[in-house]
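Below is one structure, written out as structure tokens, with a few remarks after it.
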Amino acid sequence: MHSVIENLKTRGFFAQCTNAEGLSRLMDEGPVAFYEGTDPTGGSLHIGHMVPYFAFRHLRDAGHKGIALLGGGTARIGDPSGRSETRQMLNYEQLDKNTESIRSQLDRFVSFDGKSAWAVNNKDWLANLNYIDFLREIGSHFSVNRMLSFEAYKMRMETGLSFIEFNYQLLQSYDFLELYRRYGCRLQIGGDDQWGNIVAGTDLIRRIEGVEAFGLTFPLINTSDGKKMGKTLKGALFLDPHQTSPYDFFQYWRNIPDADIRRFLLMFTFLPVGECEALTAPGHNPNEAKERLAWEVTALIHGKDEADKALAGAIAAFGGKGSAFGGGDRAAMPRAELSLAKFEAGYNVTELFCDAKLVPSKSEARRLVEQGGAFVSAAGSDELEAISDIAAVIGADRLNTERELILRAGKKRYCLVSVQQ
């Protein structure tokens, strides 16, 4: 088996392949052009979207040619795969804006150099298709019975599948055909929920061009405690720093279950396999391994400077004992600027935690306090005290000489409050 396929298997990037032996032989002959598609249904990718792009980099680094296909055309319809209901339709202007935003995010991670990696928008060939010609050339090669045999369509048939969504598989298959014709693309990669669409594309190329194309899918990632990968109390783990701060991004990885450390080091970093094994060997401190994982992934997504700041803020918040990276920096902690007048009047604790953005609502703040999860630094100290009375007020006497205090929600969410006149 070709070495890059073995590497993908070792690192957890292998669910199904249409013909692994055939793909291996093709790779032995020379560089293979491959693609991964992403529809711009939102303005930012989240970490779940990035699994195929980590594999993308492994393939590219092994000498193969990668295409990131931005679905400015297919997003006008919406992919029914993995959905229990129809996606909300976005206007074309918003889709174009999302496409550019996602392209920028991927460029920072992949680096579209025009030699080993490209970004392409399928709007270029889908937006002005002639429907009759498309049905004659492409639609005639599809069996409705076969389409309905794929899990994505079977699931949606129970809840309702619109005709417009039913066309999605034809368009994605046509994308593969176009990329074969334009770039010689022979391989599509993606999450395992895309298996049916990918297989349909390989069939279309075989029927029309008489060439074998290949599909390779990756597992859909859940954490060991059954949670969807990248889901947090605040929602998805977005790449956009305005939606998920680099500090919160770092803390997500720092707080994963111990059982996921090895798997996530292999999938979400480019550390050598041997180093990942050493970091998770019996007797090794799991917190050091999580810290390394968090720094590596944050550096890949947000850059080394932001990773260093997030690490320093985490050490300042949680203490640096056992850290492999050294000391902390209070200035790097997540911050909130609040009014001195509120503290002088007596800041209700639930309102304080809500205004500091540690909870999304006052009802969540009340629940946090009642369950013993609200902590506020004591007067003139960074020592934290639990506040269990929802009627409690936090006064200006708690502020330190820099007019700051520290809040903690639960075990893992901190905020440094800076009080302004």
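Quick note: the coordinates plus some simple rules give every number you see, no bench work behind them. These numbers come from a predicted model, not from an experiment. Ideal geometry is used to build each Cβ from the backbone, glycine not excepted, and the neighbour counts take in all protein chains shown.
Sequence-distant or interchain residues sharing an amide H contact under 5 Å with I67, placed H: which?
Amide H neighbours of I67, under 5 Å, 5+ apart: F34, Y35, E36, W118.
I need the phi-derived Karplus couplings for the stretch 18-25: 6.51 cos²θ - 1.76 cosθ + 1.60, θ = phi - 60°, integer Hz, Gly and Pro marked x.
Coupling constants for the stretch 18-25: 5, 6, 5, 5, x, 5, 4, 5 Hz.
Kindly write out, for the stretch 407-421 in residue order, the coupling ³J(HN,Hα) from the Karplus curve 6.51 cos²θ - 1.76 cosθ + 1.60 (θ = phi - 60°), rounded to whole Hz, with x marking Gly and Pro.
10, 9, 10, x, 9, 10, 10, 10, 8, 9, 8, 9, 9, 10, 4
Check the stretch 3-218 and count each lysine pair with an alpha-carbon distance under 30 angstrom, considering only pairs eight or more places apart or from different chains.
10
Enumerate the amide H contacts of A374 below 5 Å, restricted to partners 5 or more residues apart or on another chain; note that Pro and chain-start residues carry no placed amide H.
Excluding prolines and chain starts, which carry no amide H, the hits are I387, G410.
With a cut-off of 8 Å between alpha carbons and a minimum separation of six or more residues, what is the relative contact order of the stretch 335-420 in percent?
37
How big is the antiparallel share of DSSP beta bridges in the stretch 3-218, given as a percent to the nearest 5?
Beta bridges within the stretch 3-218, antiparallel portion: roughly 10 percent.
Over all alpha-carbon pairs of the stretch 335-420, lay out the pair-distance distribution in 10 Å bins, whole %, shortest bin first.
Bins of 10 Å from zero give 20, 60, 20, 0 percent of pairs.
Between beta-carbons, use under 11 Å as the cut-off and find the net charge around L95, counting Lys and Arg +1, Asp and Glu -1.
Net charge in that neighbourhood comes out at -1.
Considering the chain as a Gaussian network with a 10 Å cut-off on Cα pairs, which listed residue, S44, S104, S143, attains the greatest mean-square fluctuation?
S143
What label, among (i) 1.04; (ii) 0.98; (iii) 0.95, belongs to Rg/Rh (Cα atoms, Kirkwood Rh) computed from the structure on display?
It is the value labelled (i).
Between N121 and residues 5 or more places away or on another chain, which pairs have amide H atoms under 5 Å apart, with H built 1.01 Å from N, and which residues are they?
Amide H to amide H, under 5 Å and 5 or more residues apart or across chains, N121 pairs with L70.
Once both labels are modelled 7 Å past Cα along the beta-carbon direction, what's the E29-H242 spacing in nm?
Computed distance between label sites E29 and H242 equals 4.8 nm.
Pop out the ³J(HN,Hα) list for the stretch 204-209 in order, Karplus 6.51 cos²θ - 1.76 cosθ + 1.60 with θ = phi - 60°, rounded to Hz; leave Gly and Pro as x.
5, 5, 5, 5, 8, 9
Could you work out [θ]222 nm for the chain from helices alone, using -39500 (n - 2.57) per DSSP H run of at least four and dividing by all its residues? Round to the nearest 500 deg cm²/dmol.
Details: 19 runs with 187 residues, N = 421.
Calculated at 222 nm, the ellipticity per residue is -13000 deg cm²/dmol.
On a C-alpha basis, how far is the centre of the stretch 180-218 from the centre of the stretch 26-69 in Å? Whole number, if you could?
Each part's Cα centre sits 14 Å from the other's.
If I build a Gaussian network model for the chain, linking alpha-carbon pairs within less than 10 angstrom, which residue out of D192, D61, D113 has the largest mean-square fluctuation?
Per the Cα network of the chain with a 10 Å cutoff, D113 tops the list.
So what is the relative contact order for the chain, in percent, with contacts set as C-alpha pairs under 8 Å and at least six apart?
Once divided by the residue count of the chain, the mean separation gives 13 percent.
Can you tell which of Q105, Q172, Q371 shows the greatest fluctuation in a Gaussian network model of the chain with Cα springs below 10 Å?
In this elastic network of the chain, the residue with the biggest mean-square fluctuation among Q105, Q172, Q371 is Q371.
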